[in-house]
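Worksheet for the structure shown next.
The values are calculated or read from the model by the stated rules, or taken from the named source; none is laboratory data. These numbers were taken from a predicted model, which means no experiment stands behind them. Here the Cβ positions follow ideal geometry from the backbone for every residue, glycine too, while neighbour counts run over all protein chains shown.
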Amino acid sequence: MKYSPDITKGEMVKRYVRHLLRDDIISYRSKIPSEHELMDKFQVSRQTVRQAFGALEAEGLIYKEQGKGTFSNYDKGAGQNRIVAVVTTYLSGFVFPGIMSGIEQVLSDEGYMMLLSNTNNIKEREARYLRSVLEHNVVGIIIEPTASSQANSNLKLLRGIEEKGIKTVFINALYDDFESAYVLLNDLKGGLMATDYLLQMRHRRIAGIFKTDDKQGIDRKAGFLKALSAAGIPEASEFIGEYNTAQMYDYPYMFAQSLLQKEGSPTAFFCYNDQCALMVIRAIHDRGLRVPEDISVVGYDDSASPMHSEAKLTTIRHPKKEMGIQAAKFMVGMLEGRMRMPQYMYEPELIIRKSCRNL
């Protein structure tokens with residue numbers, strides 16, 4: 001087995017023992033290596049091994065018999081189900097490959113299988129996958145809610161999942177009418193932080209472009225407006241563009257083009273995500289203008305593709321892989337009885353590059 005250099009010695013011991021059990025190297029009810037053997041193998045103290053054994057016992061993977069030793073309690077043939085469904089709005093692009101990588105890393109290490117699907121932000125597709133979770137032998141679901149700012153038309157299905165004892169962890173957004181474990185990014189604060197940065201650079205005519213069928217867009221817009229209000233800048237409706245999933249590949253470009261043709265056009269744009277920002281940058285270039293010399297642009301999510309664009313984009317970092325890892329750890333913790341309904345919100349981080357300038 002390979003171990004990351006940043007994991008503790010106790011975690012190395014736990015992973016090794018899980019590997020012995022789940023890969024059938026040690027069979028059900030057979031004796032596992034002794035404390036002394038593991039101390040020698042990993043060059044750790046007896047206390048470290050005992051703590052690892054305690055955690056594995058709490059997970060139900062091992063048990064001790066006084067005077068005899070420690071034995072495997074992992075019965076792979078007893079119908080133990082280890083499938084976790086993962087449902088996101090998209091699979092490629094944006095933040096999703098990083099999230100999936102983090103989830104897969106933890107679930108694989110813990111001996112769970114990942115069943116992956118995406119909704120394309122369509123409620124009917126979400127309903128189809130939730131019904132599939134109910135019909136199949138799935139123990140948990142990690143889900144990004146579809147069109148999360150809209151009414152939760154699938155509440156009955158989520159309640160059914162809850163009643164069946166299937167664990168649920170939400171990522172990126174929540175449904176207000178369904179209480180669950182979650183891992184989120186503080187998008188209101190992120191919108192505030194991005195707009196404050198432009199205000200500090202003496203921009204006053206700042207346009208905002210936001211996706212409105214997801215809560216992330218609603219919260220980022222709220223942060224944008226809060227920053228403007230605190231700076232004493234009245235809300236200018238003509239400087240605010242709003243679009244939905246069906247418009248996400250053309251609206252930002254067209255909205256930016258329309259603003260740039262007018263007198264008193266914006267000196268800066270704050271965009272819902274980096275994909276939106278790239279379309280705005282293209283609109284700026286098509287008007288014969290430059291970023292940041294003529295117009296400043298701030299994105300959101302720190303996606304990979306903008307790093308390869310001509311304009312090195314200032315953006316809010318999304319904790320992609322970390323979010324996936326945390327969501328999967330919460331799921332495993334709930335499945336193994338160590339957590340009830342864990343919740344965590346990441347604080348945003350502004351990544352300053354070269355797409356903005358002082359006026």
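Among the residues in region 207-221, are any more than 10 Å from Phe270 (Cβ to Cβ) and surrounded by fewer than 16 Cβ atoms within 10 Å (Cβ to Cβ)?
Checked against the condition, which is being more than 10 Å from Phe270 (Cβ to Cβ) and surrounded by fewer than 16 Cβ atoms within 10 Å (Cβ to Cβ), region 207-221 yields no hits at all.
Leu174 fulfils the conditions (1) in a loop (DSSP other than H, G, I, E, B); (2) closer than 30 Å to Leu259 by Cα; (3) hydrophobic (A, V, I, L, M, F, W, C) except for a single criterion, (2).
In this structure, is Ala147 touching a residue at least 60 places away in the same chain (Cβ under 8 Å), part of a loop (DSSP other than H, G, I, E, B) and out of contact with any Pro (no Cβ under 6 Å at 6 or more places or on another chain)?
Numbers: touching a residue at least 60 places away in the same chain (Cβ under 8 Å): yes; part of a loop (DSSP other than H, G, I, E, B): yes; out of contact with any Pro (no Cβ under 6 Å at 6 or more places or on another chain): yes.
The answer is yes for Ala147.
Scanning region 1-14 for residues that are closer than 22 Å to Asp75 by Cα and modelled with pLDDT under 85 turns up just one, Met1. Within region 186-193, is there a residue that is in contact with a Ser or Thr (Cβ under 7 Å, 6 or more places away or on another chain) and either assigned by TED's automatic domain parsing to the domain that holds Leu335 or crowded, with 23+ Cβ neighbours inside 10 Å (or both)? Among the residues of region 186-193, not one is in contact with a Ser or Thr (Cβ under 7 Å, 6 or more places away or on another chain) and either assigned by TED's automatic domain parsing to the domain that holds Leu335 or crowded, with 23+ Cβ neighbours inside 10 Å (or both), which makes the answer no.
Pairing residues of region 9-35 that are acidic (Asp, Glu) with residues that are crowded, with 16+ Cβ neighbours inside 10 Å, at Cβ distances under 6 Å and at least 6 apart in sequence or on separate chains, gives Glu35/Val49.
No other residue among Ala222, Ala181 is more than 20 Å from Val280 (Cβ to Cβ) and not assigned by TED's automatic domain parsing to the domain that holds Thr267 apart from Ala181.
Conditions tested, residue by residue: (1) at pLDDT 95 or above; (2) of a type in the set (S, T, N, Q).
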site: Gly165; (1), (2): no, no
site: Leu185; (1), (2): yes, no
site: Leu188; (1), (2): yes, no
site: Tyr197; (1), (2): yes, no
site: Thr212; (1), (2): yes, yes
site: Lys215; (1), (2): yes, no
site: Leu228; (1), (2): yes, no
site: Tyr251; (1), (2): yes, no
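Return a yes/no flag: does region 310-323 have any residue that is modelled with pLDDT of 95 or more and hydrophobic (A, V, I, L, M, F, W, C). Yes, there is a match, as at least one residue in region 310-323 is modelled with pLDDT of 95 or more and hydrophobic (A, V, I, L, M, F, W, C).
Scanning region 223-239 for residues that are buried (at least 16 other Cβ atoms within 10 Å of the Cβ) and either among the aliphatic types (A, V, I, L, M) or outside any helix (DSSP H, G or I) (or both) turns up Leu225, Ala227, Leu228, Ile233. Can you confirm whether region 118-128 contains a residue that is more than 30 Å from Val332 (Cβ to Cβ) and of a type outside the set (Phe, Trp, Tyr)? The answer is yes, given that some residue of region 118-128 is more than 30 Å from Val332 (Cβ to Cβ) and of a type outside the set (Phe, Trp, Tyr). Check region 157-169 and report whether any residue there is within 30 Å of Glu349 (Cα to Cα) and assigned to a loop (DSSP other than H, G, I, E, B). Checked region 157-169: no residue is within 30 Å of Glu349 (Cα to Cα) and assigned to a loop (DSSP other than H, G, I, E, B). If you go through region 292-309 and keep only what is more than 25 Å from Leu116 (Cβ to Cβ), at pLDDT below 95 and polar (S, T, N, Q), you end up with just Ser309. Among residues of region 230-244 that are over 15 Å from Ile218 (Cα atoms), those with a beta-carbon under 9 Å from a residue that is surrounded by 12 or more Cβ atoms within 10 Å (Cβ to Cβ) and among the polar types (S, T, N, Q) at least six positions away or on a different chain give the pairs Ala231/Thr195. When the residues of region 15-40 are filtered to those that are closer than 13 Å to Ile62 by Cβ, at pLDDT below 90 and among the charged types (D, E, K, R), which remaining residue is surrounded by the fewest Cβ atoms within 10 Å (Cβ to Cβ)? Filtering first and then ranking leaves Arg29.
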